[in-house]
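The values are calculated or read from the model by the stated rules, or taken from the named source; none is laboratory data. All figures in this text were calculated on a predicted structure; none of them were measured in a lab. With ideal geometry, Cβ positions are generated from the backbone for all residues, glycine too; neighbour counts draw on all protein chains shown. All accessible areas refer to the heavy atoms of the entire protein, side chains included, with ligands and DNA or RNA removed. Shrake-Rupley method; radii C 1.70, N 1.55, O 1.52, S 1.80 Å.
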Amino acid sequence: MCGIVGYFGNNSAAPLLIKGLKRLEYRGYDSAGVAIMEQDAFTVTKKAGKVKELETKLKGASVKGTIGIGHTRWATHGEPSDLNAHPHVDQTGKFALIHNGIIENYAVLKQILEQKGVEFYSETDTEVLVQLISMIYHEDNTSFEMAVTQALRKVIGTYGIVVMCSDEPNQLIAARLGSPLVLGVGDGEYFLASDASPLVEHTRNVIYLEEGECLLIGDDGYEIKQVKNSETVEKKISHIDFSIEEIEKGNYPHYMLKEIYEQENTIVDTMRGRLRLDEGNVHLGGIQDHILRIERARHFYITACGTSWHAGLIGKYILEEFAGIPVHVEYASEFRYRDPVINSQSVVIAISQSGETADTLAAIRKAKENGCLTFGICNVVGSSISRETDCGIYTHAGPEIGVASTKAFTAQVSVLYMLALHLGRKNGYSKEDGIKLAHALHDLGDRVKYILNQTDQIRNIAEEIVDADNCLYLGRGTNFPVALEGALKLKEISYIHAEGYPAAEMKHGPIALIDEKMPVIFLAPHDKTYEKVVSNIQEVKARKGKIIIVTDKVTDDLKSLSNHVIEVPVSHARTFPILATIPLQLLAYHLAVLRGCDVDMPRNLAKSVTVE
Ligand code: AGP
């Protein structure tokens with residue numbers, strides 16, 4: 001999951017490429033590089049480290065060209081280093097290429113090329129592709145375009161690439177298979193990027209490349225063709241609907257904090273126009289064409305990764321309860337390789353913030369091969385998963401830049417609650433109960449504000465446990481997935497090891513971990529399992545664990561049992577899991593800041609995992 005950019009126009013390419021890479025840096029930040037064409041030769045500047053280090057290196061070089069490509073890397077093959085950084089150049093020095101994806105048959109291709117005398121300088125699969133293009137170009141004495149498409153027809157794997165050739169200095173060629181690529185159509189200039197965020201300040205007119213398409217940009221404009229047969233493809237121009245402000249940090253120190261605070265609006269935005277308060281129901285336009293098939297599903301499969309999978313697990317609990325339909329929640333990476341018993345009576349729901357996660361996309365394709373109805377819950381309009389599913393519901397959380405997903409999660413859960421309400425009303429959930437729940441969902445924004453106002457208390461808690469090496473998160477029912485999500489947030493940005501468990505499961509092993517150094521975070525709303533959770537709290541207290549409780553109502557009992565109690569006031573018991581996640585996001589955030597971690601670009605991570 002790297003970030004790639006390209007520019008073809010009349011302005012200096014270097015600053016535009018650097019700015020674009022900074023907007024994409026959340027996709028990968030091990031190393032970065034650019035190639036700029038000047039007359040009939042290009043200059044490559046690349047370096048391990050973040051984009052700002054490349055920017056500094058570029059300042060020392062006078063690179064003036066108006067055509068260029070840029071890349072910020074998340075290493076798959078070959079460690080982060082200057083040598084492995086993209087762009088990669090062929091041995092003749094005529095081609096420069098940037099790539100997002102994995103060339104799975106790179107070893108076989110590399111062997112063939114080495115037998116033909118090619119000497120490789122890097123450990124990357126990407127270099128194999130640029131050397132292959134060059135080999136075909138020279139051996140077959142063919143055009144730049146045909147060399148690229150012929151090479152791509154030999155590739156097994158995934159790619160989003162942009163290539164330049166010094167024999168055709170006024171041309172860029174791009175192509176995609178499994179890794180996203182968007183063309184921004186400007187006024188006499190063209191922009192390329194892995195997603196739309198670097199484009200919006202230049203143009204709102206975009207074209208999303210589809211699988212197996214290549215794009216030719218030259219002085220006469222652009223043309224899109226099929227890689228497999230070079231047939232021209234007519235594409236319509238789409239329009240970006242988010243603003244530049246939405247992808248800026250504003251007055252916040254980190255994107256993650258901004259996005260945590262945006263939940264005061266994004267939860268409501270996700271439900272705006274969809275709640276029917278007086279009917280105690282919802283209207284979900286994106287699935288209307290398939291609503292009967294969804295209502296009559298024999299079972300649901302929810303497939304996702306990471307945080308989105310946690311949202312799916314909450315979905316399981318509420319959909320089974322409201323709709324009375326069996327729900328299986330599967331990691332997409334497992335679902336795609338096993339043999340689930342699915343067919344035309346199955347509805348497979350893919351949850352994905354980016355809409356580009358490779359495993360989730362593959363799971364959807366498997367579901368479609370088996371005749372299932374596929375249903376996407378995505379946050380990025382025009383993303384691959386949103387385009388490949390039969391129907392879907394967009395979360396309206398706006399661009400999520402911080403690598404740790406926050407506002408997208410609560411938006412995903414809100415969508416699942418709306419789906420559950422719709423199906424519940426078909427399954428005996430009364431209008432009166434529906435009205436209560438619809439109003440509670442509608443009022444969540446104010447509740448979020450109350451929670452956010454507790455950030456100082458949560459920072460104090462973070463200061464108390466800043467040296468913890470491990471943390472345990474415990475919850476029951478729909479709060480078990482919340483525990484998992486709280487643990488993941490902590491792990492991925494503060495690097496403290498954390499585990500989420502069903503609270504009762506603690507006695508089957510994890511309780512051995514409890515001592516005075518172990519912070520244990522309990523989700524303890526006054527619901528049907530409250531007394532049981534209190535018993536678990538007492539078991540931890542008896543072993544001197546540091547107890548932090550997140551509850552819907554602070555009581556003297558809970559205060560006497562814990563070191564800290566965080567209040568999450570709800571007007572409807574069902575909505576606690578949506579809100580209870582927010583203090584856990586804040587706790588992880590403050591701990592990461594206190595520990596000097598890079599909150600928005602945590603080590604080893606990237607925002608969108610577009611490789612397996
Ligand atoms: C969440 O904080 C992580 N960054 C990660 O688990 C993420 O949720 C996962 O990679 C799935 O991404 P998606 O929602 O874009 O498919």
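Across the range 321-335, which residue is least open to solvent (accessible area, probe 1.4 Å) among those that are away from the ligand (no atom under 16 Å from the Cβ) and free of Cβ contacts under 8 Å to residues at least 60 places away in the same chain? Lay out the reasoning, then the answer.
Step one: of the range 321-335, the residues away from the ligand (no atom under 16 Å from the Cβ) are 321-328.
The next check asks that each one be free of Cβ contacts under 8 Å to residues at least 60 places away in the same chain; those that pass are 326-328.
On the way: Pro326: 63, Val327: 2, His328: 72 Å².
Step by step, filter the range 321-335, then rank; the result is Val327.
Does Thr551 satisfy the condition of being farther than 27 Å from Ala304 by Cα, of a type in the set (S, T, N, Q) and open to solvent by less than 50 Å² (accessible area, probe 1.4 Å)?
Values: farther than 27 Å from Ala304 by Cα: yes; of a type in the set (S, T, N, Q): yes; open to solvent by less than 50 Å² (accessible area, probe 1.4 Å): yes.
Yes.
Checking Ala512 against (1) free of Cβ contacts under 8 Å to residues at least 24 places away in the same chain; (2) of a type in the set (A, V, I, L, M); (3) within 16 Å of the ligand (Cβ to nearest atom): exactly one of these is not met. Which one?
(3)
Looking only at the range 383-442, count every residue that is part of a helix (DSSP H, G or I), of a type in the set (Phe, Trp, Tyr) and under 30 Å from Pro253 (Cβ atoms) and tell me the total.
At the first step, the residues of the range 383-442 found to be part of a helix (DSSP H, G or I) are 384-388, 407-425, 431-442.
Among the residues that remain, those that are also of a type in the set (Phe, Trp, Tyr) are: 409, 417.
Next cut, under 30 Å from Pro253 (Cβ atoms) only: 409.
Total meeting the criteria: 1.
Going by the structure shown, is Thr529 more than 16 Å from the ligand (Cβ to nearest atom) and among the polar types (S, T, N, Q)? Quick ask: steps written out before the conclusion?
Numbers: more than 16 Å from the ligand (Cβ to nearest atom): yes; among the polar types (S, T, N, Q): yes.
Answer is yes for this residue.
Could you check how many residues of the range 387-430 are among the small types (Gly, Ala, Ser), within 13 Å of the ligand (Cβ to nearest atom) and within 13 Å of the chain's Cα centre (by Cα)? Steps first, please.
So in the range 387-430, the residues among the small types (Gly, Ala, Ser) come out as 392, 397-398, 402, 404-405, 408, 411, 414, 420, 424, 428, 430.
Now narrow it down to the ones that are within 13 Å of the ligand (Cβ to nearest atom): 397, 402, 404-405, 408, 411.
Now restrict to residues that are within 13 Å of the chain's Cα centre (by Cα): 397, 402, 404-405, 408.
The qualifying residues number 5.
I'm checking my understanding of the structure. Among residues of the range 227-246 that are surrounded by 15 or more Cβ atoms within 10 Å (Cβ to Cβ) and not in a loop (DSSP other than H, G, I, E, B), which one is farthest from the chain's Cα centre (by Cα)?
The qualifying residue farthest from the chain's Cα centre (by Cα) is Ser238.
Scan Gly160, Gly212, Gly184 and give me the residue that is at positive phi, within 26 Å of the chain's Cα centre (by Cα) and not hydroxyl-bearing (Ser, Thr, Tyr). Quick ask: steps written out before the conclusion?
Working: Gly160 fails: at positive phi; Gly184 fails: at positive phi.
One residue alone meets the criteria, Gly212.
Specify the residue that is farthest from Leu313 (Cα to Cα); the eligible residues are those in the range 554-574 that are open to solvent by less than 40 Å² (accessible area, probe 1.4 Å) and modelled with pLDDT under 95.
Only one residue fits best here, namely Pro569.
More than 30 Å from Ile401 (Cα to Cα), at pLDDT 95 or above and hydroxyl-bearing (Ser, Thr, Tyr), is that true of Ser344? Walk me through how you get there before you give the answer.
On the way: more than 30 Å from Ile401 (Cα to Cα): yes; at pLDDT 95 or above: yes; hydroxyl-bearing (Ser, Thr, Tyr): yes.
Spelling it out, Ser344 is indeed more than 30 Å from Ile401 (Cα to Cα), at pLDDT 95 or above and hydroxyl-bearing (Ser, Thr, Tyr).
Check Asn536 against each of (1) open to solvent by 10 Å² or more (accessible area, probe 1.4 Å); (2) farther than 27 Å from Gln263 by Cβ; (3) among the polar types (S, T, N, Q) and name the one condition it does not meet.
(1)
Rundown of residues vs (1) farther than 27 Å from Ser12 by Cβ; (2) loosely packed, with under 15 Cβ neighbours inside 10 Å; (3) among the β-branched types (Val, Ile, Thr), yes/no style:
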| site | (1), (2), (3) |
| --- | --- |
| Val44 | no, no, yes |
| Lys52 | no, yes, no |
| Tyr106 | yes, no, no |
| Glu139 | yes, yes, no |
| Thr149 | yes, no, yes |
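Could you list all residues from the range 217-234 that are of a type in the set (A, V, I, L, M) and more than 20 Å from His71 (Cβ to Cβ)?
Within the range 217-234, the first condition is being of a type in the set (A, V, I, L, M), and the residues that meet it are 217, 224, 227, 233.
Ile224, Val227, Val233, listed by residue number.
Which of the helices (runs of 4 or more DSSP H) contained wholly in the range 247-320 include at least 2 residues that are within 20 Å of the chain's Cα centre (by Cα) and either closer than 22 Å to Thr360 by Cα or away from the ligand (no atom under 14 Å from the Cβ) (or both)? Step through it out loud before you land on a result.
Numbers: elements: 255-261, 263-271, 291-295.
Ranges flagged: 255-261, 263-271.
Could you tell me how many of the residues in the range 193-221 are in contact with a strand residue (DSSP E or B) (Cβ under 6 Å, 6 or more places away or on another chain), surrounded by fewer than 23 Cβ atoms within 10 Å (Cβ to Cβ) and in a strand (DSSP E or B)?
Of the residues in the range 193-221, 7 are in contact with a strand residue (DSSP E or B) (Cβ under 6 Å, 6 or more places away or on another chain), surrounded by fewer than 23 Cβ atoms within 10 Å (Cβ to Cβ) and in a strand (DSSP E or B).
In the range 58-87, how many residues are under 18 Å from Tyr29 (Cβ atoms) and either of a type outside the set (Lys, Arg) or modelled with pLDDT of 90 or more (or both)? Walk me through it before giving the result.
Step one: of the range 58-87, the residues under 18 Å from Tyr29 (Cβ atoms) are 58, 69-87.
Filter again for either of a type outside the set (Lys, Arg) or modelled with pLDDT of 90 or more (or both), leaving 58, 69-72, 74-87.
Selection size over the range 58-87: 19.
Going residue by residue through the range 582-597, is there one that turns out to be away from the ligand (no atom under 16 Å from the Cβ), of a type in the set (A, V, I, L, M) and modelled with pLDDT under 95?
Looking for residues that are away from the ligand (no atom under 16 Å from the Cβ), of a type in the set (A, V, I, L, M) and modelled with pLDDT under 95, one finds none in the range 582-597, hence no.
Run Leu83 past the list (1) assigned to a loop (DSSP other than H, G, I, E, B); (2) aliphatic (A, V, I, L, M); (3) within 19 Å of Val182 (Cβ to Cβ) and report the number of the one that doesn't hold.
(3)
Consider the range 461-496. How many of its residues are without any contact (Cβ under 8 Å) to a residue 12 or more places away in the chain and either buried (at least 23 other Cβ atoms within 10 Å of the Cβ) or within 16 Å of the ligand (Cβ to nearest atom) (or both)? Break it down stepwise before answering.
First, the residues of the range 461-496 that are without any contact (Cβ under 8 Å) to a residue 12 or more places away in the chain: 467, 491.
If we keep only those that are either buried (at least 23 other Cβ atoms within 10 Å of the Cβ) or within 16 Å of the ligand (Cβ to nearest atom) (or both) as well, we get 491.
Number of matching residues: 1.
Within the range 337-371, restricting attention to residues that are closer than 16 Å to Thr158 by Cα and part of a helix (DSSP H, G or I), which residue is nearest to the ligand (Cβ to nearest atom)?
Thr360
Being of a type in the set (S, T, N, Q), more than 19 Å from the chain's Cα centre (by Cα) and at pLDDT 90 or above narrows it down to one of Ser194, Ser166, so name that one.
Numbers: Ser194 fails: more than 19 Å from the chain's Cα centre (by Cα).
From the options Ser194, Ser166, the qualifying one is Ser166.
Out of (1) within 16 Å of the ligand (Cβ to nearest atom); (2) touching a Leu at 6+ places or on another chain (Cβ under 8 Å); (3) among the small types (Gly, Ala, Ser), what's the single condition that is false for Ala438?
Going through the list (1) within 16 Å of the ligand (Cβ to nearest atom); (2) touching a Leu at 6+ places or on another chain (Cβ under 8 Å); (3) among the small types (Gly, Ala, Ser), Ala438 breaks only (1).
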